[in-house]
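Engineer: Structure provided below as structure tokens; questions to follow.
Nothing in this text is a laboratory measurement; each read-out follows from the coordinates by a stated rule. Only a predicted model underlies this, so the values are computations on that prediction, with no experimental measurement involved. Here Cβ is always computed from backbone atoms with ideal geometry, including for glycine, and neighbour counts include all displayed protein chains.
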Amino acid sequence: MSGEIEKFDVLIAGGSFVGLSLAVALAHSGRGALRIAVVDRTPLESARAATNDGRASALSAASTHLFQSLGVWDRVSAQAEPITDIDITDTRLGDIARPSLLHFDGALAEGVPAAHMLENHVLRGALIEQAEVTDGLAFLAPETVEDFTLHAGGVTARLGSGDAILASLLVAADGRKSALRKKAGIKTIGWSYPQAGIVATLGIGKPHNGCAVQHFLPQGPFAILPLQGNRVSLVWTEPRTRALEIVGLDDTEFLSEARKRMGGRYGDLTIAGPRAAFPLDMHLARAFVAEKVALVGDAAHGVHPLAGQGLNIGLRDVAALAEVVIEGARLGLDLGSAPVLERYERWRRFDSAFSGLSMDALNRLFTNDNAPLRAARSLGLGVVDRVPVFKRFFVREAAGLTGTLPRLLKGQEI
Ligand SMILES: Cc1cc2nc3c(=O)[nH]c(=O)nc-3n(C[C@H](O)[C@H](O)[C@H](O)COP(=O)(O)OP(=O)(O)OC[C@H]3O[C@@H](n4cnc5c(N)ncnc54)[C@H](O)[C@@H]3O)c2cc1C
């Protein structure tokens, strides 16, 4: 088989959450007119396994609309936990009472949550299943895109197997360390945080009642996020060395450290999944497009996970790129041409930069035990807590329903 060249309209390098969502969105919205290939280096069985990724994601209402349009939501909705309330606090660990600084009702309207929690391996499994039944979509895994060359006819990508793919547009969805971004000559701006995010799933003895808690501690935010079946997902930020020490503790010691931060609200705690520590950074690609190449997801941007927005921002890229590509195809434009790609970049780069910088500012504001600053932020949050219009604004932000939304995020077809 080695040495074959196959032709597609769009080749997507990276078939994780963002790459697979884009592949399904393009094939679905192209209604058989486009041929899409998506390539991922991870073998399918490992990609679906819970042991591969113990994280869970807060999916905004806008992201849920996208998955509803693509037929993915029906596959996962029974396992998604609606976030019904959000509590934000910055009390110290030794404080006897832990009053919340800010409390949000997590609903956009009666019975419509602003976000759901879903385990990453469940989402990835559902995206793989949907890709397998979507016409016009070829999913090659395990396979890699090693390199690419540009020419008048499009872009030719060399694969790890020795085969090649010729496409009009190459999309890099290959994650934060994107090798294709570098090969396209796109640099990034950003910085690493001295923190790492510990992620773990715990069983709890008392119900969480759908409440997500964000506890801002001086070392970094500690989030307790509700999962189905009396479980919670922790996203626990600590200085890097300390994070590695905590992840390496035995189960009893790990639970004891978690209990110190969670208090008695959840009853007995048990280990209910793998734990890992992720280095955290903020990065933004200086351009989201190059000749015949577009970046999406973490290849284009990375944000601090304190508000659970990284994947949601990537899914905004998916919906925007799908819309400009499909509309370009209907107009008979070359899918890798400047008019198509520049429209995508204008739509997404400023929004992504704004999100990244907002998360960074929040992290700096709250990871600080300075007394006047604590007083000022308590005052500011107290004001937000008392003014319903501010609260409605923040809930719509969390739901991803602000700004100029692509149609798929509004639950509409392209
Ligand atoms: C601790 C933590 C908690 C988070 N919580 C949330 C949350 O609650 N909500 C939220 O919205 N976001 C959250 N995020 C962010 C979210 O996880 C990421 O934004 C998301 O995983 C990015 O997806 P992606 O598809 O762009 O990249 P990735 O998931 O990194 O996928 C890249 C894929 O590309 C493949 N690949 C790489 N190179 C090649 C190649 N050359 N050829 C073929 N394949 C290749 C890899 O195998 C991989 O599958 C969190 C992040 C962290 C670290």
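Engineer: Just want to confirm a number: the relative contact order over the range 175-333, from Cα pairs under 8 angstrom separated by 6+ residues, in percent.
Structural biologist: Reported as a whole number, the value is 29 percent.
Engineer: Nearest 500 deg cm²/dmol is fine: what mean residue ellipticity at 222 nm does the chain get from its DSSP H runs of n ≥ 4 alone, each adding -39,500 (n - 2.57), divided by its residue count?
Structural biologist: Here the helix-only value at 222 nm equals -11000 deg cm²/dmol.
Engineer: Under the rule that an exposed site lies in a DSSP loop and has at most 13 other Cβ atoms within 10 Å, name the longest stretch of the chain with no GluC sites (Glu not before Pro) of that kind, not counting the sites themselves.
Structural biologist: The answer is 111-290.
Engineer: Sticking with this one: Quick one: in the range 1-41, what % of C-alpha pairs are over 15 Å apart?
Structural biologist: 43
Engineer: Let me ask you something else. Compute the Rg/Rh shape ratio of the range 17-153: radius of gyration over Kirkwood radius, all on alpha-carbon atoms.
Structural biologist: Dividing the radius of gyration by the Kirkwood radius yields 1.11.
Engineer: Still on this structure, please answer the following. Could you pull out the trypsin sites (Lys or Arg not before Pro) across the range 272-305 that fall in loop regions by DSSP (anything but H, G, I, E, B) with no more than 12 other Cβ atoms inside 10 Å?
Structural biologist: In loop regions of the range 272-305 (DSSP not H, G, I, E or B), the sparsely surrounded trypsin sites (Lys or Arg not before Pro) are 286.
Engineer: Follow-up. What whole-number distance in Å separates the alpha-carbon centres of the range 353-414 and the range 301-342?
Structural biologist: 23
Engineer: Determine the dipole magnitude for the range 1-156: charges of +1 sit on the beta-carbon of Lys and Arg, -1 on that of Asp and Glu, nothing else is charged, the reference point is the Cα centre, and the result goes in debye to the nearest 20. Let's see the in-between values first.
Structural biologist: Details: 10 positive and 21 negative charges, 27 e Å.
Dipole magnitude for the range 1-156 comes out near 140 debye.
Engineer: Which one of 248, 205, 274 has its Cα pushed farthest toward the positive end of the charge dipole of the range 196-276, where Lys and Arg give +1 and Asp and Glu give -1 at the Cβ?
Structural biologist: Result: 205, furthest along the dipole toward the positive end.
Engineer: Work out how much length residue 41 to residue 371 would gain on full extension: take 0.36 nm times their residue separation and subtract the Cα-Cα distance, in nm to one decimal.
Structural biologist: That works out to 113.9 nm of additional length.
Engineer: Say a paramagnetic label sat at a point 7 Å from the Cα of residue 179, along Cα to Cβ; which residues of the range 3-26 have their backbone N under 12 Å from it?
Structural biologist: Under 12 Å, as judged by backbone N against the label point of residue 179, lie 14 of the range 3-26.
Engineer: Could you tell me which residue out of 28, 16, 39 lies farthest along the dipole of the range 1-47 toward its positive end? Charges go on the beta carbon: Lys and Arg +1, Asp and Glu -1, centred on the Cα centre.
Structural biologist: Working it through, the farthest residue towards the positive pole turns out to be 28.
Engineer: Could you run the Karplus curve 6.51 cos²θ - 1.76 cosθ + 1.60 with θ = phi - 60° over the range 142-155 and give me ³J(HN,Hα) per residue in whole Hz, x for Gly and Pro?
Structural biologist: Running phi through 6.51 cos²θ - 1.76 cosθ + 1.60 with θ = phi - 60° gives x, 7, 10, 9, 8, 6, 8, 10, 9, 7, 4, x, x, 10 Hz.
Engineer: In Å³ and rounded to a whole number, note down the convex hull volume per residue for the Cα atoms of the range 228-297. Before the final figure, lay out each step's value.
Structural biologist: Numbers: hull volume 10.7 nm³, N = 70.
Once divided by residue count, the hull of the range 228-297 is 153 Å³.
Engineer: How big is the dipole moment of the chain about its Cα centre under a simple scheme where the beta carbon of each Lys and Arg is +1, that of each Asp and Glu is -1, and everything else is neutral? Debye, nearest 20, please.
Structural biologist: 1020
Engineer: Provide 252, 237 in ascending order of the number of other Cβ atoms located within 10 Å of each residue's Cβ, fewest first.
Structural biologist: 252, 237
Engineer: Could you state the orientation-averaged shadow area of the convex hull built on the Cα atoms of the range 153-201, in nm² to one decimal?
Structural biologist: 6.2
Engineer: Moving on. Could you pull the Cα extents of the chain along its three principal axes, largest to smallest, in whole Å?
Structural biologist: 68, 45, 38
Engineer: Could you calculate the contour length gain from residue 337 to residue 353, that is, 0.36 nm times the residue separation minus the distance between their Cα atoms, to one decimal place in nm? Spell out each step's value before the answer.
Structural biologist: Details: separation 16, 0.36 × 16 = 5.76 nm, distance 2.39 nm.
In short, 3.4 nm is gained.
Engineer: For the range 324-414, report the convex hull volume of the alpha-carbon atoms normalised per residue, in Å³, without decimals.
Structural biologist: Roughly 106 Å³ of hull volume per residue.
Engineer: Viscosity 1.002 mPa s, temperature 20 °C: what is the translational diffusion coefficient of the range 178-328 from Stokes-Einstein with a Kirkwood Rh over Cα pairs, rounded to a whole number of µm²/s? All intermediate terms of the calculation are to be shown ahead of the outcome.
Structural biologist: On the way: Rh = 17.4 Å.
It diffuses with D of about 124 µm²/s by this estimate.
Engineer: Now for a separate question. Taking the Cα-to-Cβ direction at residue 378 and at residue 346 and moving 7 Å from each Cα, how far apart do the two end points lie in nm?
Structural biologist: 4.8
Engineer: When the Cα atoms of the range 197-239 are enclosed in a convex hull and the volume is divided per residue, what value in Å³ results?
Structural biologist: That works out to 60 Å³ per residue.
Engineer: Obtain the radius of gyration and the Kirkwood radius of the range 1-78 from its C-alpha atoms and give Rg over Rh.
Structural biologist: When Rh is taken as the Kirkwood radius, the ratio is 1.01.
Engineer: Contact order normalised by length for the chain, with contacts defined as Cα pairs under 8 Å and 6 or more residues apart; what percent is it?
Structural biologist: Once divided by the residue count of the chain, the mean separation gives 22 percent.
Engineer: Using only Cα atoms, what is the ratio of the radius of gyration of the range 277-351 to 2.2 N^0.38 Å?
Structural biologist: 1.18
Engineer: Please report the relative contact order for the range 1-52, taking Cα pairs under 8 Å with a sequence separation of at least 6, and give it as a percent rounded to a whole number.
Structural biologist: Relative contact order of the range 1-52: 40 percent.
Engineer: When the dipole is taken about the Cα centre of the range 6-68, and only Lys, Arg (+1) and Asp, Glu (-1) are charged at their Cβ, what size is it in debye, to the nearest 20? If you can, show how the numbers build up before the last one.
Structural biologist: On the way: 6 positive and 5 negative charges, 21 e Å.
Taking the Cα centre of the range 6-68 as origin, the dipole is about 100 debye.
Engineer: Principal axis extents for the range 115-162, Cα atoms only, whole Å, descending order, please.
Structural biologist: 44, 24, 22
Engineer: Which percent of Cα pairs goes in each bin when the distances of the range 30-74 are cut into 5 angstrom slices starting at zero?
Structural biologist: Final binned percentages: 5, 15, 13, 19, 27, 16, 5, 1.
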